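In what follows, a structure is listed as structure tokens, so that the remarks can point back to it.
The values are calculated or read from the model by the stated rules, or taken from the named source; none is laboratory data. Keep in mind the model is a prediction, meaning the values are calculated, not measured. Backbone-built Cβ (ideal geometry, glycine too); neighbour counts: all protein chains shown. For the accessible areas, the whole protein counts, side chains as well, though only heavy atoms, and no ligand, DNA or RNA atoms are used. Shrake-Rupley method; radii C 1.70, N 1.55, O 1.52, S 1.80 Å.
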Amino acid sequence: MEGREAKVRERELLRREHAELSAACLGRELRVPLRNPSRMLWVFVVLLGLGFALGVSVGITRGGATGVGLASFGVVLLGCGVYAAVLARRFGARQDLAIVLGLRALTVPALPLVRGGTVEVAYEDLEGVTLMPSGGRLVHVLRTSDGFVPLPLERLPREAKNTKLPLRIHVRATLARRRPRLSATRLAAVEAQILHEGPSLGALVVTKDGAPEVLAVLRDEAHLGAWLLSGELPADHEMICAQDVLDPMGDALRDAIGALVEVGDAPVKARRMRAGDGQR
């Protein structure tokens, strides 16, 4: 009885692992919606509307110069509320507030967000993901042949902070310049292997509806044995060994300093040099 329950728990763990890897869209297009500021703007609209009503009502009650001043301030708040409402409607109607990792190009919202529009960067034109100082902290930017493109990772929802987007962008840009081009199945195995933390034997990949799907990143032989005995392994699966996965990247990860910095890390502030620091 206990052995049967252990097998059931093991199968459940394998299915959960498969579901997490499937949600990561390895080797496929990944669309990560950004936090839309429309809800926060509507909150401001309500607060400014209340400020307008309070200013006008108190101004009428008190009268005199003070009352006129309060009423005028309320009218100013009303104007700000109308402007905030316009922005809230504009942002609420936008469907392109997302970072899209395609197979051939990366699409990011153009900054400032209020202007709308997106920027599409082909991976072959992307030289890397780097860090640049902005507002007393370091932020991720895309380094292209035409300059720098901001990567608005600060607008990622909390549940998407651990998607390691900078590293995945760097991997796809690196592999896009390889000839012959890797298949989608190999790309999925490369992404799964690089994003995996800890040693591994390789990746189990299957193709469904023409798209790759990573079943598991094998930690060791026991993990492989669990999949083989689980009955959950499709007959057309492919095992791509760790060496076959890492070879396509070569030494590219050495240039991924900016991409390896986690999105959720604390901001790195520049340190002022004191007089004499350079002489020590």
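The residues in region 149-184 that are closer than 19 Å to His196 by Cβ and either of a type outside the set (A, V, I, L, M, F, W, C) or free of Cβ contacts under 8 Å to residues at least 12 places away in the same chain (or both) can be counted, and the count is 9. Considered as a group, the residues in region 83-120 that are surrounded by 13 or more Cβ atoms within 10 Å (Cβ to Cβ) and β-branched (Val, Ile, Thr) include one that is nearest to the chain's Cα centre (by Cα), and that residue is Ile99. Screening the candidates Leu47, Leu41, Leu78, Leu54 for the property of being at pLDDT 85 or above, open to solvent by less than 50 Å² (accessible area, probe 1.4 Å) and either of a type in the set (Gly, Ala, Ser) or out of contact with any Lys or Arg (no Cβ under 6 Å at 6 or more places or on another chain) (or both) yields one hit, Leu41.
Please verify whether region 184-204 includes one or more residues that are within 15 Å of Leu14 (Cα to Cα) and not hydroxyl-bearing (Ser, Thr, Tyr). Yes, region 184-204 contains at least one residue that is within 15 Å of Leu14 (Cα to Cα) and not hydroxyl-bearing (Ser, Thr, Tyr). Residues that are over 17 Å from Gly198 (Cα atoms) and without any contact (Cβ under 8 Å) to a residue 40 or more places away in the chain were ranked within region 216-229; the one that is least open to solvent (accessible area, probe 1.4 Å) is Gly225.
Scanning region 90-131 for residues that are at positive phi and without any contact (Cβ under 8 Å) to a residue 24 or more places away in the chain returns a single hit, Gly117. The number of residues in region 58-72 that are crowded, with 17+ Cβ neighbours inside 10 Å and either under 47 Å from the mean Cα position of the chain (by Cα) or hydroxyl-bearing (Ser, Thr, Tyr) (or both) comes to 2. Of everything in region 20-38 that is open to solvent by 60 Å² or more (accessible area, probe 1.4 Å) and not basic (Lys, Arg), the residue that is modelled with the highest pLDDT is Glu29. If you go through region 49-87 and keep only what is touching a residue at least 24 places away in the same chain (Cβ under 8 Å) and under 30 Å from Thr118 (Cβ atoms), you end up with Cys80, Gly81, Ala84, Ala85, Leu87. Would you check which residues across region 185-215 are open to solvent by less than 30 Å² (accessible area, probe 1.4 Å), over 23 Å from the mean Cα position of the chain (by Cα), farther than 9 Å from Leu26 by Cβ and modelled with pLDDT of 85 or more and list them? Once the filter is applied, which keeps residues that are open to solvent by less than 30 Å² (accessible area, probe 1.4 Å), over 23 Å from the mean Cα position of the chain (by Cα), farther than 9 Å from Leu26 by Cβ and modelled with pLDDT of 85 or more, region 185-215 yields Gly202, Leu204, Val206.
If you go through region 217-244 and keep only what is under 26 Å from the mean Cα position of the chain (by Cα) and closer than 17 Å to Arg28 by Cβ, you end up with just Val217.
Checked against the criterion of being more than 19 Å from Leu26 (Cα to Cα), in contact with a strand residue (DSSP E or B) (Cβ under 6 Å, 6 or more places away or on another chain) and small (Gly, Ala, Ser), the candidates Gly128, Gly147, Gly116 yield just one match: Gly128. Quick check, is Asp146 closer than 28 Å to Ala211 by Cα and either in the same structural domain as Tyr83 (by the TED database) or open to solvent by 30 Å² or more (accessible area, probe 1.4 Å) (or both)? So Asp146 fails the test. The condition of being modelled with pLDDT of 85 or more and closer than 30 Å to Arg28 by Cβ does not hold for Leu87.
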